[in-house]
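Peer 1: Below is a structure I'd like to ask you about.
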Amino acid sequence: MTKVKLPKFLIASVVFYAIIEALFRLEVLNGYILHIINQSLIFVILAASLNLINGITGQFSLGHMGFAGVGAYVSGTLTTIILKLNPTVTSNMGIFVLCLLAGGVAAAFIGFLIGFPSLRLKGDYLAIVTLGFGEIIRTVFNNIDYVGGPRGLLGIPKFSNFTLIFIAAFLLIVIMRNIIQSSHGRAMLSIRENELAADLVGINTTQYKVMAFTIGAFFAGIAGGLLAHLIQLAHPTQFGFIKSVEVLIMIYAGGVGSMTGSIIAAFGLTFLSEGLRIGIRALADATNLPIGGEWRMVIYSLLLIFIMLFRTEGLMGTKESRIIKIEEAD
Amino acid sequence: MGSIFNAQQIVNGLQVGSIYALIALGYTMVYGIVRLINFAHGDFFMIGAYAAYGSFFIFNSMLAGKHGSIAFLVLIVSMLAGGLIAMLANQLAYKPLRYKPKLSSLITAIGVSMFLEYFFSALPMIGPSYRSFPDIIPKVQISLGSATISNYVVIDIVVAAVLMIGLTFLVRKTALGKAMRAVSQDKDAARLMGIDIEKVIGFTFLIGGSFAGAAGLLAGMTYPRIFPYMGIQPGLKAFIAAVLGGIGNIPGAVLGAYIMGLAETFASAYNSLLGEGIAFAILIIVLLVRPRGLLGEKVADKI
Amino acid sequence: MSALLSIKNMTHYFGGLRAVSNFSYDIPQGTIYGLIGPNGSGKTTTFNLITGIYTPTEGKIFFQDKEITGMKPYKIVQTGVARTFQNLRIFSNLTALDNIRIARHFNTRSGLVSSVLRLPSFMNEERQVKKESRELLDLMHLSSRANELAKNLPYGELRRLEIARALATKPKLLLLDEPAAGMNPKEVEELMSLILRIRNEFKVTVFLIEHHMQVVMGICEYLKVIDFGETIAEGLPEAVGKDPKVLEAYLGKRGA
Amino acid sequence: MMLVVKNLKVSYGKIEAIKDVSFEVPDGKIVTLIGANGAGKTTTLRAISGLEKCAAGSIEFDGKNITNMEAHKLVPLGISHVPEGRKIFPTLTVRENLELAGWTLKDKKLIKERMEDVFEVFPRIKERANQLGGTLSGGEQQMLAVGRALVTGGKILLLDEPSMGLAPVLVDEIFHQIVEINKRGMTVLLVEQNAAEALDIADFAYVLEVGYTTISGTAKEIAEDPRVREAYLGV
């Protein structure tokens, strides 16, 4: 009955990894492009983890980057301390993974706490409370001198690299997919579809909402840690409301509920954002006109509006690519 | 803390509360009628401030010295600017999504908000930096018992009060007000009464936006510094005030705004971090304890 | 005959309004018990109170001699009370099969970790759930729709899907809120035999709200009539149908 | 003809709610559309009163093509629609509910007169004039909904499931009032689940099945049609 099927996603991922790695080794890709690929993969983790909360469980969250911030600050602080005690640590990936996990766990804990308001609040109200929580987290970073206050946490060792980020993203997608395509995932989906009905077929909606927030926050925390150790900096403004909105745009542009959509949008929008940055600077240099970097966000926000107006269901709708999906046996 | 200090704090709290109230009313009215948290509402406040700034120099050159008339005209312009941009946002960005899932309009509203902020700071004639706001009316200190207040405090409180009384009359007594209530309760039924609901909704945005615009002028006069992102914080605070009062409920928004104004003034006097965080703390506590806000009615879901 | 569900002096207020006033029920195991009355008389509120959506202002509810007053809805479902809704509440963007599978969820044991790792125990359980869910769809003549999104099903099928979903929780008591609403006489006939079959095959007790007198008189074994939150008559259907108070308040000249 | 509907089609996204519906409503008559839930009865009424957009086909009212006109513009032309579920404004008083129905009328006196008419037809509504709409019972809400339609003063009254959720005793009353309203000169298009009662008071009837008008005739013919008897009358 259980015919062994080729794990399509594993093959696709290995191919992707091999191509990028090879192109980089052959110097077709430069460090800058690889850096953007790394960022895209981090955004894949952020978007797919928000997708679990928002797209699958139907709980609107506007503070997702707050979780990433917790992960970044916690893991960043840990590695910075360890680095001070032992400068050779940068060669020890095991320690880094442990610190990342610690960041993830801390974020998960905050996610667990934030999950509770979701028990009583829905839709807009929940959105606003998660926004409030995100802002509180940011305010706290801003006011703790030990982590640099408004200057941010500087001098974080550079642990993150393509291989590590790739593995993290790969694991995230597999784990998310396996959750979504299980009885637990269906329980979460039922909450999105009709919470009262879910309750009245015996689903402990409380437990699943908190679970979605906790798991989502855990992965956001990992992503935050990876980001901090990639750009060697954790700064309060990186984790504010606007950044949370950028992640939200990704899942809506990709199609709420579709992991495939989140992945495509994370890559597409990260590259677009960089492209705009370069393009606008080039235009300003070429024309000598006072064209500021703000135009990037003007275009970005217009893009968001147009996506909502003309393709409300996003790129993929709720569809999932067959590469990611597990074929169900009867 | 002596009693003088307290009296001063109360006056300051009422002043801040008045500005929050004008903004909060727009949030609450728009939410009441289209169930949308209009994230861009704080930006109409910013637009009102810039419109007041620009028009002041024009009117001042035309009517030099006539402070009363200038102030009145500037008020009208700031209200018109806020109101018209609000109507435009509704027409272009929200109306097409009226019958789509609610969250898509919420996200669009975030988009509109970001657009207005970045567009204004990207425009060369406005730019991202601060501008100092002129004294539209000469500032006078009034001694009131043991506290000293400026005439601006009085203006803020009185202008807000007059506008709010006008609004109450409009909603309670006029046919248009009844139509607004009808549209907020059942859009199909309102259409079947022959009401052009899009006109009524547009009008609601106009009123809400114009109140935010007026608040922009008052805030510009009071804290004489304007910049394209100035709407974010007050917008958020006023929104919280509306939620605190029970979003969709007009008296609730006013009550919530004054509570917020006072709480924030007292908290800031005590500790600056507390002042920064009190609004969110209030929000979270209220929503956890009384999710429908102070005056919000519990609407039983039809099951 | 012991009562499966027993409600003692239940009263419920909404704000100042009394929606349900001093209701007492004893629903014996295995019966089909009907509740009728005009709109707004407190019928659906009664269901909402039994299933834990509201907690009664006064009074107590016992299910299998265990008090369930104030328990969370999902807990009450897990003790064996399932229901359908007057206005369908289907998971419309999920397939018919998934609608059923979700209702089997609380009876599954695989934890999150074994789901993520796809352990054999998890895979077996998934297979089992799928098999049982398909059997239920079969029973409701919905097998051909298993992989169709629920939102694409016609109304009559959705009504059946909702009943199937309620049955998937393996209830002892099934609450049906106007199951015949919107059905034509032919569908109503089918529904009646379906309800009888469900009662006999699944050994469930059925408690139903209905306006359709054909259903009420045709299958109910005991009847209670309420108006303005108060009981105006109860007993065997034939007797209730002739009760002058019922004729006046509810049935009118076309009394059964 | 008061109303002529030709080959009407309405879609919600990809789903076609009605596919091909045609029927006519003569002046001063009661016409009923019967059919199962999901057959497209409500959608048909919503399309006529402008609450839904038509994908194809045409609607002609009083000699004028009104296809895809907006709802609020159709009210002053003379279309009064009492929607499914009554849709009373719950936090407006009964009086305010009726006043709003006069929204398109310039003449304040006319509104007053028509409100008096409503109070005459439905004395129960008069007793409750100052109560909030939401506090009325199901039957009273139905009366108020019809009352509002009378104040808008249309030439045709579209009634969607007036008997839904009402105790049998009230159903009789409502049908009686429909006949009364028709006698006062208003044309009625009635959509009903309760086919027997509807055919009892109607002049003409159409059967709707999965988005198509399939059978038509005088109410008497329809009531005797064996297909209708089996599927909709349960005999």
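The values are calculated or read from the model by the stated rules, or taken from the named source; none is laboratory data. Just so we're clear, the structure is a prediction, and the values are computed from it rather than from any experiment. Don't worry about glycine lacking a Cβ; one is built from the backbone with ideal geometry, like all the others, and counts go over all protein chains shown.
Peer 1: With the range C:147-243 as the region, which helices (runs of 4 or more DSSP H) entirely inside it contain at least 3 residues that are outside the structural domain of C:Leu49 (by TED's automatic domain parsing) and at pLDDT 95 or above?
Peer 2: Passing ranges, in order: C:155-168.
Peer 1: Taking the options C:Gly34, C:Gly42, C:Gly70, name whichever one is assigned by TED's automatic domain parsing to the domain that holds C:Glu210 and closer than 22 Å to D:Gly85 by Cβ.
Peer 2: Sole residue among the options that is assigned by TED's automatic domain parsing to the domain that holds C:Glu210 and closer than 22 Å to D:Gly85 by Cβ: C:Gly42.
To keep it simple, each residue is scored yes or no on (1) within 9 Å of chain B (Cβ to nearest Cβ); (2) within 24 Å of C:Gly229 (Cβ to Cβ); (3) in contact (Cβ under 8 Å) with a residue 40 or more places away in the chain.
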site: D:Ile88; (1), (2), (3): yes, yes, yes
site: D:Thr91; (1), (2), (3): yes, yes, yes
site: D:Gly102; (1), (2), (3): yes, no, yes
site: D:Glu127; (1), (2), (3): no, yes, no
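Peer 1: I would also like to ask the following. Select from the range A:141-189 the residues that are over 30 Å from A:Ser13 (Cα atoms), of a type outside the set (A, V, I, L, M) and part of a helix (DSSP H, G or I) and list them in ascending order.
Peer 2: Hits for the range A:141-189 are A:Phe141, A:Asn142, A:Asn143, A:Asp145, A:Tyr146, A:Gly149, A:Pro150, A:Arg151.
Peer 1: On to the next question. In the range C:46-71, which residues are under 13 Å from C:Arg83 (Cα atoms) and touching a residue at least 24 places away in the same chain (Cβ under 8 Å)?
Peer 2: C:Thr46, C:Phe47, C:Leu49, C:Ile50, C:Thr51, C:Gly52, listed by residue number.
Peer 1: Which of the residues belonging to the range D:150-192 are free of Cβ contacts under 8 Å to residues at least 12 places away in the same chain and assigned to a loop (DSSP other than H, G, I, E, B)?
Peer 2: D:Arg184 - this is the single residue of the range D:150-192 that is free of Cβ contacts under 8 Å to residues at least 12 places away in the same chain and assigned to a loop (DSSP other than H, G, I, E, B).
Peer 1: Continuing with the same structure: Please go through the range D:193-235 and give me each residue that is assigned to a loop (DSSP other than H, G, I, E, B) and either free of Cβ contacts under 8 Å to residues at least 12 places away in the same chain or within 14 Å of chain C (Cβ to nearest Cβ) (or both), ordered by number.
Peer 2: Result: D:Gln193, D:Asn194, D:Val210, D:Gly211, D:Asp225, D:Gly234, D:Val235.
Peer 1: Only one of B:Tyr118, B:Tyr99 is out of contact with any helix residue (DSSP H, G or I) (no Cβ under 7 Å at 6 or more places or on another chain), of a type in the set (Ser, Thr, Tyr), within 14 Å of another protein chain (Cβ to nearest Cβ) and at negative phi; which?
Peer 2: Numbers: B:Tyr118 fails: out of contact with any helix residue (DSSP H, G or I) (no Cβ under 7 Å at 6 or more places or on another chain).
Testing whether each residue is out of contact with any helix residue (DSSP H, G or I) (no Cβ under 7 Å at 6 or more places or on another chain), of a type in the set (Ser, Thr, Tyr), within 14 Å of another protein chain (Cβ to nearest Cβ) and at negative phi leaves just B:Tyr99.
Peer 1: Identify all residues within the range D:18-55 that are at positive phi and in contact with an Asp or Glu (Cβ under 7 Å, 6 or more places away or on another chain); write none if there are none.
Peer 2: D:Gly35, D:Gly50
Peer 1: Criterion first (modelled with pLDDT under 95, among the small types (Gly, Ala, Ser) and either out of contact with any Gly (no Cβ under 8 Å at 6 or more places or on another chain) or crowded, with 16+ Cβ neighbours inside 10 Å (or both)) does C:Ser133 satisfy it?
Peer 2: No, not satisfied.
Peer 1: Quick check on the range C:144-156. Is at least one of its residues within 11 Å of chain D (Cβ to nearest Cβ), out of contact with any His (no Cβ under 8 Å at 6 or more places or on another chain) and among the acidic types (Asp, Glu)?
Peer 2: No, every residue in the range C:144-156 fails to be within 11 Å of chain D (Cβ to nearest Cβ), out of contact with any His (no Cβ under 8 Å at 6 or more places or on another chain) and among the acidic types (Asp, Glu).
Peer 1: Quick one: which of B:Ile149, B:Ile157, B:Ile142, B:Ile136 is β-branched (Val, Ile, Thr), loosely packed, with under 15 Cβ neighbours inside 10 Å and within 30 Å of B:Val11 (Cα to Cα)?
Peer 2: Numbers: B:Ile149 fails: loosely packed, with under 15 Cβ neighbours inside 10 Å; B:Ile157 fails: loosely packed, with under 15 Cβ neighbours inside 10 Å; B:Ile136 fails: loosely packed, with under 15 Cβ neighbours inside 10 Å.
Exactly one residue qualifies, and that residue is B:Ile142.
Peer 1: Could you go through the range B:161-179 and let me know if any residue there is out of contact with any Cys (no Cβ under 9 Å at 6 or more places or on another chain), at pLDDT 90 or above and charged (D, E, K, R).
Peer 2: Yes, the range B:161-179 contains at least one residue that is out of contact with any Cys (no Cβ under 9 Å at 6 or more places or on another chain), at pLDDT 90 or above and charged (D, E, K, R).
Peer 1: I've got another one for you. Quick one: which helices (runs of 4 or more DSSP H) sit completely within the range B:143-227 and have at least 3 residues that are touching a strand residue (DSSP E or B) at 6+ places or on another chain (Cβ under 9 Å) and among the small types (Gly, Ala, Ser)? Break it down into steps so the answer makes sense when it comes.
Peer 2: Numbers: elements: B:151-173, B:175-185, B:187-192, B:197-222.
Output list reads B:197-222.
Peer 1: Go through (1) touching a residue at least 40 places away in the same chain (Cβ under 8 Å); (2) in contact with a Pro (Cβ under 7 Å, 6 or more places away or on another chain); (3) within 11 Å of chain A (Cβ to nearest Cβ) one by one and return the number of the condition B:Leu295 breaks.
Peer 2: (3)
Peer 1: Of everything in the range A:108-133 that's surrounded by fewer than 21 Cβ atoms within 10 Å (Cβ to Cβ) and assigned to a helix (DSSP H, G or I), which residue is farthest from the other protein chains (Cβ to nearest Cβ)?
Peer 2: Filtering the range A:108-133 down to residues surrounded by fewer than 21 Cβ atoms within 10 Å (Cβ to Cβ) leaves A:109, A:112-113, A:116, A:119-124.
Applying the additional criterion that residues be assigned to a helix (DSSP H, G or I) yields A:109, A:112-113, A:119-120, A:123-124.
Working: A:Phe109: 17, A:Phe112: 14, A:Leu113: 11, A:Leu119: 9, A:Arg120: 5, A:Gly123: 7, A:Asp124: 5 Å.
So, considering only residues that are surrounded by fewer than 21 Cβ atoms within 10 Å (Cβ to Cβ) and assigned to a helix (DSSP H, G or I), the one farthest from the other protein chains (Cβ to nearest Cβ) is A:Phe109.
Peer 1: Moving on to the next point. Considering only the range B:242-264, state which residues are of a type in the set (Val, Ile, Thr) and buried (at least 22 other Cβ atoms within 10 Å of the Cβ).
Peer 2: Going through the range B:242-264, the residues of a type in the set (Val, Ile, Thr) turn out to be B:243, B:247, B:250, B:254, B:259.
Scanning the range B:242-264 gives B:Val243, B:Ile247, B:Val254.
Peer 1: Ok, one more. Is one or more of the residues making up the range B:219-242 touching a Phe, Trp or Tyr at 6+ places or on another chain (Cβ under 8 Å), within 11 Å of chain A (Cβ to nearest Cβ) and more than 29 Å from B:Val171 (Cα to Cα)?
Peer 2: Yes, the range B:219-242 contains at least one residue that is touching a Phe, Trp or Tyr at 6+ places or on another chain (Cβ under 8 Å), within 11 Å of chain A (Cβ to nearest Cβ) and more than 29 Å from B:Val171 (Cα to Cα).
Listed here are the residues, each with its yes/no results for (1) part of a loop (DSSP other than H, G, I, E, B); (2) closer than 21 Å to B:Glu198 by Cβ; (3) of a type in the set (D, E, K, R).
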| residue | (1), (2), (3) |
| --- | --- |
| D:His72 | no, yes, no |
| D:Val75 | no, yes, no |
| D:Ile88 | yes, no, no |
| D:Thr91 | yes, no, no |
| D:Leu98 | no, no, no |
| D:Leu105 | yes, yes, no |
| D:Phe119 | no, no, no |
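Peer 1: Only one of these is in a helix (DSSP H, G or I), at pLDDT 95 or above and surrounded by fewer than 24 Cβ atoms within 10 Å (Cβ to Cβ): B:Gln9, B:Gln91. Name it.
Peer 2: B:Gln91
Peer 1: Report yes if A:Gly185 is closer than 21 Å to A:Met259 by Cβ and not aromatic (Phe, Trp, Tyr), otherwise no. Reasoning before the result, please.
Peer 2: Numbers: closer than 21 Å to A:Met259 by Cβ: yes; not aromatic (Phe, Trp, Tyr): yes.
Criteria met by A:Gly185.
Peer 1: Checking A:Ser244 against (1) small (Gly, Ala, Ser); (2) at pLDDT below 90; (3) surrounded by 18 or more Cβ atoms within 10 Å (Cβ to Cβ), which single condition isn't satisfied?
Peer 2: Evaluating A:Ser244 over (1) small (Gly, Ala, Ser); (2) at pLDDT below 90; (3) surrounded by 18 or more Cβ atoms within 10 Å (Cβ to Cβ) leaves (2) as the failure.
Peer 1: List pairs: first residue in the range C:94-109 and more than 7 Å from chain A (Cβ to nearest Cβ), second residue polar (S, T, N, Q) and crowded, with 18+ Cβ neighbours inside 10 Å anywhere in the structure, Cβ distance under 6 angstrom, at least six positions apart or on different chains.
Peer 2: Within 6 Å, the pairs are C:Leu97/C:Ser133; C:Ile100/C:Ser133.
Peer 1: Further, regarding this structure: List pairs: first residue in the range C:5-22 and among the charged types (D, E, K, R), second residue assigned to a strand (DSSP E or B) anywhere in the structure, Cβ distance under 8 angstrom, at least six positions apart or on different chains.
Peer 2: Every condition considered, the pairs that remain are C:Lys8/C:Ser24; C:Lys8/C:Gly59; C:Lys8/C:Lys60; C:Lys8/C:Ile61; C:Lys8/C:Phe62; C:Arg18/C:Thr11; C:Arg18/C:His12.
Peer 1: Here's something else I'd like to know. For A:Ile144, all conditions in the list (1) within 20 Å of the chain's Cα centre (by Cα); (2) free of Cβ contacts under 8 Å to residues at least 24 places away in the same chain hold save one; what is the number of the exception?
Peer 2: It fails just one condition, (1).
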